[in-house]
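The values are calculated or read from the model by the stated rules, or taken from the named source; none is laboratory data. Owing to the predicted nature of the structure, the values given are computational and were not obtained by experimental measurement. Quick reminder, even Gly has a Cβ in these numbers, built from the backbone with ideal geometry, and neighbours come from all protein chains shown. SASA here: full protein model, heavy atoms, side chains in, ligands and nucleic acids out. Shrake-Rupley method; radii C 1.70, N 1.55, O 1.52, S 1.80 Å.
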Amino acid sequence: MSNALPPDLIRLVVSLAVVVGFAFANAAVLVLVERKVCGHIQRRPGPFEVGPHGLLQTAIDGLKLMGKQILVPDNADTKLFRLAPILSFVPPIAALIVVPFAKVLQVRDLDIGVLFILSLAAVNVLAILVAGWSSANKYSLFGAIRAVAQNVAYEIPLLLSLLVVVMWVGSFRMSDIVAAQDGFWFVFTPMGFVAFLIYFVTGLAETNRAPFDLPEAESELTAGFHTEYAGMGFGLFFLGEYTNMLLMAAIATTCFLGGWNGPWFLAVSGTGVVATLIQLCWFLVKVYGIILVMVWIRWTFPRVRFDQLLNFCWKVLIPISMANLVATAVVAKLVPLG
Amino acid sequence: MIPRPDPSQETLVLNMGPQHPSTHGVLRVVLRLDGEYVLEAHPVIGYGHRMHELMGEVRTSSGFYANVGRMDYGGALSFGHGHVLAVEKLAGIEVPPRAEYIRVITTEMNRIASHLLWFGAFLLDLGAFTPILYSFDDREFILDLLEHVTGARLTFSYHRIGGVARDLDDKFIEGTRVFLRRMRERLDVYDKLVTGNVIFRKRAEGVGVIDKDTVLKYGATGPVARGSGLAYDIRRVEPYSVYPDLEFEIPTATEGDSFARYRVRLAEIEQCLRIVEQALDRLPDGPVQAKVPKKVKLGPGDAYQAVEAARGELDYYLVGDGSDVPYRMKIRPPSFSNLSLLGEVCQGVLLSDLVTIMGSLDLVIPEIDR
Amino acid sequence: MVDEVRAALEAAGAERADAVDHGALGVHVDARVPAGALRKAVEVLRGWEFLIEDVVGVDAAPEMMVVYHFNHVGGGCRVRLRVLTDRESPEVPTIQDIFPGANWHEREQHDFYGVMFAGHPDLSPLILPEDAGDLRPLRKKDKRLKSLGDVLPAFAPPEAGGEDA
Amino acid sequence: MIRYFQEIFSGLWSLLVGMRLTARMAVAPTITTHYPFDTLEITPNFRGHIDLVINPKTARDKCIVCMMCQRACPSGCISLKGEKPEGAKKKVLTEYHLDFTKCSLCGNCVETCPVNALEYSRDYQLAGFSRHEFHFDLVDRFRQRAREQGLDPKVGDLTPPPPKPPKPAATETAPDASGSTDG
């Protein structure tokens, strides 16, 4: 009886549950962080009423969203309309299983880890397209079209900038990438720095964050692709968006900021419980640092225009990341790493 | 002619408004789009029509005065100023100089408040959420001061025929001086956060170019005309009140694009500060209310009074028949003409640019609909 | 400036174009133009740097009046054109092709008074709702209606030529 | 080529300038008021809806029922009634209704009042579930406010005031005439 369930499966199920829980908790925290940061940037306290300093605001909001009626517009394609939110939040959660939170804290260390994450993250655009199309609303459709054009364009520099790291390390495996940065983070090399900047910008665009939040540009498209969503449908989009942000930040941390490695003088590379906790802390500090910058940017800048967005991608990001990649190839040939 | 869906063309007819975040009120713009390019933009107005002109013909001037502030919630005092000036012109009433100075001070403060409101709303149209809260911080300061002297925050009802309702007190004057110092510093914040910002520049520069001839043809005024290189400001070309005694410049820009209009408005805030400062220094003593007859008889005859409201030239055309109720009152709100050129300017621009252009025109829909 | 404009307006067919006291009346040139000569007079103004201010209807007894205001961008020359038209079926030529800004002003006056602007491409209701029909809210009811001469002394009986300038 | 990079760098710089500014703002103290718990001081000049002035000595209103306010109101939202007590010369206010749904807060009523019997209230937290809540009975409000001030309200009191002998013809302000507009 006892060997009916292989321990690996138990491990997987437990880890998956933990990952899903983490995704929900993350979204709850991020919504609060976003509103608090926004508030303080705008010189107001943000949510303040529920719980001490409004800490429970998101929980209440979540409850409210769950309690709301799910409305489906008359002309909408009902099945697709209901599918879209799920499509938006499942893939990023699935992608979390290859993220190395610490040396031993990784659900699956696939040898195509980077590719796995990117391919799952790209499903997000499909969710937006489905949502926009099935809503039978012109504004939603515009949002969907914008999202597709934007995400397809920005996928290229995103990949190119990650290829810099992959080329250097010679592996797609997340743990290899982290291991290669032991005490020496890629962001501190010239090529790594440029790649990191490009990755960060494209990451903003991929997650539809301001100033690239064109699919939901509220002053133009009222609410873009999720105009027609209410209640938990809308909530799932939110969840997906914040999980996507987490994912983007996690990849950036893994590929450029040394993953769970602390700075060289504080690096802990053991596999014990304490070491794992320290590593986890480092990882989360970096991830949430990046997310904080993303939030900070959102509340500072105006939104770019659609043609400018694409021009910026094709005329600036792609050429520079190409050049960066070539430079990396040359340097990697001359100065082999490890 | 409102664009209708046409199946033979691959175009999309989009109803923007009457409820839309960036139409600032109940304005509806019917668009024919090719992809995201606007082929035709057709503003539809009148959703907030309240027939103020008819009310002007059945109420006495002082009774109608309260309506004036309801037309332009942003710059109610300019509207009030124009109204009392027009009535005083037709009734032949002399206003004490102190009252006229007070009118100018409060109007200019209100103009700053209006421009700050516009600043925030414009940036909101462009997708920047934070500037509106910074500008509202400053605007609150003005509104608190104006509330102290007029008793209300938005629809001030402060002017009286032949004067103003309440004299300025020391608290207002001191507060205004504090505000003048503070606002000059805050303009730097706006410059850093917005004017220099590359995204903002790219969004606003070269977008919605209105040339001089279009301005003349459509009778656009205010910052829209001044952004197109016309130094047309009623305070200078047709001086009224005590503006001839005050030193200030008319900021202009020649490009005629949204960014030019933005710059003109910010420069105008500085000039308003100058005006307020000078007017405070020169504020004469004396009464703030002239003796006016109980029934202010108008005419017979007609009078035209133009004033510079925050959004442009505001005209009152009053026809009196000798009674205390005007025979005809025509209000020419600035945004009416400014909006009418939207259809011409918005051909071939992107949907996002349309939002920028509408924002840069600084439309206040209730004054268009009246 | 004022004299030139007056001369040009009179040459364009204005019945009379008077220089009036701006301080008291708010305009510099007060011209009376027959409907037939309106377009010519407006074209004259278009030649200079005038911008259109508004088009105003004034309902009065024998004939109603449509008033046009223009202002020169340099200042110092605000022009008022008065056109008299029949009260029962008011009609004046449109000027919206000369000053496109007049388009909305004319539509508005059409809404309020039912003035037909001959040649206007689209006189559908602008400010009033589409189903307003023949509402014409600013038309004076009989009780309120006054004769033009009572309201504007300049239009008083034909023998009185005294202009209040 | 140089301009291309220049543009990128100057653009990036302008973004950083903006971010520095918002970061400074983020650590600056907040400027908002925590509203329901914490309210701003309201200026004494605030013009709310109108109220009847309470004469603290007599606990009466000052109204002489001259109807000036009713006539001055452009929106017709004031209606009042008065009665003449037996043997008295002046009318006494018995009813004063303000339809606040129509009021545009122009202040004409307060300014035309020849005896300054009206004042602006400083109520600003006006919200209700139905429009009938905004048909104010000012006489009723007068009673409430007077009680709050510890007075025994004598508004609408039709019994003629007993202390007549001291001043026979002092307060002979005619109810009809001469309202100067200075306030």
Margin query: Given the criteria modelled with pLDDT of 85 or more and within 14 Å of chain B (Cβ to nearest Cβ), does A:T300 qualify?
Written below: yes
Item checked: Within the range B:294-306, considering residues that are buried (at least 24 other Cβ atoms within 10 Å of the Cβ) and not small (G, A, S), the one nearest to B:E57 (Cα to Cα) -> B:L298
Next item on the list: From the list C:E106, C:E91, pick out the single residue that is closer than 26 Å to C:V29 by Cα, under 16 Å from the mean Cα position of the chain (by Cα), surrounded by fewer than 20 Cβ atoms within 10 Å (Cβ to Cβ) and more than 7 Å from chain B (Cβ to nearest Cβ).
Entry: C:E91
Checklist line | Residue that is nearest to B:R370 (Cα to Cα), among those in the range C:137-153 that are open to solvent by 50 Å² or more (accessible area, probe 1.4 Å) and more than 9 Å from chain B (Cβ to nearest Cβ) | finding: C:R139
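Return yes when B:F122 is farther than 30 Å from D:S10 by Cβ and touching a helix residue (DSSP H, G or I) at 6+ places or on another chain (Cβ under 7 Å) and no when it is not.
no
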Check: So which pairs qualify, if the first residue must be in the range B:1-23 and away from chain A (no Cβ under 12 Å), the second must be in a loop (DSSP other than H, G, I, E, B) and not hydrophobic (A, V, I, L, M, F, W, C), the Cβ gap must be under 7 Å, and the two must be at least 6 apart or on different chains?
Finding: B:M1/C:D122; B:P18/B:Y47
Notebook entry, point to check: Only one of these conditions is not met by C:L123: (1) assigned to a loop (DSSP other than H, G, I, E, B); (2) touching a residue at least 24 places away in the same chain (Cβ under 8 Å); (3) farther than 30 Å from B:S323 by Cα; (4) in contact with a strand residue (DSSP E or B) (Cβ under 8 Å, 6 or more places away or on another chain). Which number is it?
Noted result: (2)
Item checked: Single condition A:L247 does not satisfy, out of (1) crowded, with 24+ Cβ neighbours inside 10 Å; (2) closer than 26 Å to A:I60 by Cα; (3) modelled with pLDDT under 85 -> (3)
Margin query: Pairs please, first residue from the range A:11-36 and over 17 Å from A:I86 (Cα atoms), second anywhere and in a helix (DSSP H, G or I) and hydroxyl-bearing (S, T, Y), Cβ atoms under 7 Å, 6+ apart in sequence or on different chains.
Written below: A:N26/A:Y242; A:N26/A:T243; A:A28/A:T58; A:L30/A:Y242; A:V31/A:T58; A:V31/A:Y242; A:L32/A:T58
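Only one of these is among the hydrophobic types (A, V, I, L, M, F, W, C), under 28 Å from B:E238 (Cα atoms) and at pLDDT 85 or above: C:A24, C:A118, C:A19, C:A41. Name it.
Residue meeting the stated conditions: C:A41.
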Next item on the list: Determine which member of the set B:L341, B:L363 is under 19 Å from B:E40 (Cβ atoms) and either surrounded by fewer than 24 Cβ atoms within 10 Å (Cβ to Cβ) or within 11 Å of another protein chain (Cβ to nearest Cβ) (or both).
Entry: B:L341
Next item on the list: Out of B:F200, B:F179, B:F248, report the one residue that is in contact with a helix residue (DSSP H, G or I) (Cβ under 7 Å, 6 or more places away or on another chain), aromatic (F, W, Y), open to solvent by less than 20 Å² (accessible area, probe 1.4 Å) and within 24 Å of B:I357 (Cβ to Cβ).
Entry: B:F200
Item checked: Residue among A:E241, A:E228 that is open to solvent by 10 Å² or more (accessible area, probe 1.4 Å), in a helix (DSSP H, G or I) and touching a residue at least 12 places away in the same chain (Cβ under 8 Å) -> A:E241
Check: Mind checking whether some residue in the range B:41-49 is more than 30 Å from A:F306 (Cβ to Cβ), modelled with pLDDT under 90, at the interface with another protein chain (Cβ under 8 Å from one of its Cβ atoms) and in a loop (DSSP other than H, G, I, E, B)?
Finding: yes
Notebook entry, point to check: Which of (1) without any contact (Cβ under 8 Å) to a residue 40 or more places away in the chain; (2) assigned to a strand (DSSP E or B) does B:Y304 not meet, given it meets every other one?
Noted result: (1)
Check: From the list D:K89, D:K57, which one is of a type outside the set (S, T, Y), open to solvent by 30 Å² or more (accessible area, probe 1.4 Å), at pLDDT below 85 and farther than 18 Å from D:P153 by Cα?
Finding: D:K89
Margin query: All but one of (1) open to solvent by less than 40 Å² (accessible area, probe 1.4 Å); (2) closer than 27 Å to B:S323 by Cα; (3) assigned to a loop (DSSP other than H, G, I, E, B); (4) more than 11 Å from chain B (Cβ to nearest Cβ) hold for C:V66; state the number of the condition that does not hold.
Written below: (3)
